[in-house]
Amino acid sequence: MKIKALIFDVDGTLADTEEAHRSAFNRAFEHHGLAWHWSPNEYARLLKVTGGKERIGAYLNSLTLDAAERQALNTRISAIHETKTENFAQLIRDGQVPLREGVTRLIDEAERADVTLAIASTTTLANIQTLLSVNLGRRARDCFSVIGAGDQVRHKKPAPDIFEYVLKELHESAADCVAIEDSANGLAAAKGAGLFTVVTPSQWTSGEDFRNADLVLTSLGSSPHPLRDIDNHFSLAREWGRRVGSTATGEK
Ligand code: XBP
Ligand code: MG
């Protein structure tokens, strides 16, 4: 049974991006004259809400404001988020957001093994394009056959929509693909789409519940310490899924 495609999440999986996102949000608030500042603890709590615009909205709803003030601020969310996205892109261009350990190695091995690569993320397409072009250079243009991002679907993670969208664009079935995620929201989305899901928790998600994951790895391994026979891990786990009749591999 050959894996047809690897579908990567972005934030926390391809790269440890959330500290840069947090900084980009805070700079955007300052730029827009808002006395808001998200501390690491506050941001870890807000990360449960996927999507930057939705996250700002959730924060806004937590504030004590009169109706007129709340309404006025609600109308500014898109503009604030646009500034934030520009700030984030600048941090990537400044080299602040490298790919996570083992990502390039796995991309190289997947290409050699003729395994298709795709992305399914809640973040904006602009963020993904900047992250890939800065870190992968020219190969970023055609490395990923399908990129599913942010507002391309109505319901963001933990809904399965973005993974279902990517599978449809790939013309592949979930049973033949593997998702790589970092968060409980991402895991729920990938499993909801019936995918065998590998989780590599990030510093922001390490305390979350990954019991429903098919494989939890600290990282994807790199040349000093590669994850040996990673395919066997997958095939072992997939075999386990078949034998115990679980939905671990997403096969019904
Ligand atoms: C993680 C998210 C995103 C980022 C912020 O996405 O939930 O909202 O935190 O990026 P992923 P935006 O699915 O890649 O883990 O401000 O562009 O939403
Ligand atoms: Mg993520």
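The values are calculated or read from the model by the stated rules, or taken from the named source; none is laboratory data. Quick caveat: nothing in here was measured; it's all calculated off a predicted structure. Methodologically, a virtual Cβ is constructed for each residue, glycine included, from the backbone with ideal geometry; neighbour enumeration extends over all protein chains shown. We work out accessible area using only protein heavy atoms, side chains counted, and drop any ligands, DNA or RNA first. Shrake-Rupley method; radii C 1.70, N 1.55, O 1.52, S 1.80 Å.
Quick notes
- Residues in the range 1-37 that are within 16 Å of ligand 2 (Cβ to nearest atom) and not in a helix (DSSP H, G or I): LEU6, ILE7, PHE8, ASP9, VAL10, ASP11, GLY12, THR13, LEU14, ALA15, ASP16, THR17.
- Filter pass, ILE3 being over 18 Å from the mean Cα position of the chain (by Cα) and at pLDDT below 95: yes
Each row is one residue, and each column tells you yes or no for (1) free of Cβ contacts under 8 Å to residues at least 60 places away in the same chain; (2) on the phi > 0 side of the Ramachandran plot.
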residue: ARG141; (1), (2): yes, no
residue: GLY150; (1), (2): no, yes
residue: LYS157; (1), (2): no, no
residue: VAL178; (1), (2): no, no
residue: ALA184; (1), (2): yes, no
residue: VAL198; (1), (2): yes, no
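- One residue alone among ASP214, ASP161 is within 16 Å of ligand 2 (Cβ to nearest atom), modelled with pLDDT of 55 or more, among the charged types (D, E, K, R) and closer than 25 Å to ASP11 by Cβ, and that residue is ASP161.
- Considering residues of the range 136-180 that are of a type in the set (S, T, N, Q) and farther than 14 Å from LYS191 by Cα only, the residue surrounded by the most Cβ atoms within 10 Å (Cβ to Cβ): GLN152
- Residue count, the range 106-135 (criterion: open to solvent by less than 20 Å² (accessible area, probe 1.4 Å) and assigned to a helix (DSSP H, G or I)): 7
- There is no residue in the range 74-92 that is farther than 22 Å from GLY150 by Cα, open to solvent by less than 70 Å² (accessible area, probe 1.4 Å), modelled with pLDDT of 95 or more and of a type outside the set (S, T, N, Q).
- Top-ranked residue of the range 38-73 - restricted to ones that are of a type in the set (Lys, Arg), in a helix (DSSP H, G or I) and open to solvent by 30 Å² or more (accessible area, probe 1.4 Å), ranked as nearest to ILE128 (Cα to Cα): LYS53
- Every pair of residues 6+ apart whose Cβ atoms lie under 8 Å, when the first sits in the range 40-65 and is in contact (Cβ under 8 Å) with a residue 60 or more places away in the chain while the second is open to solvent by 50 Å² or more (accessible area, probe 1.4 Å): THR50/PRO158
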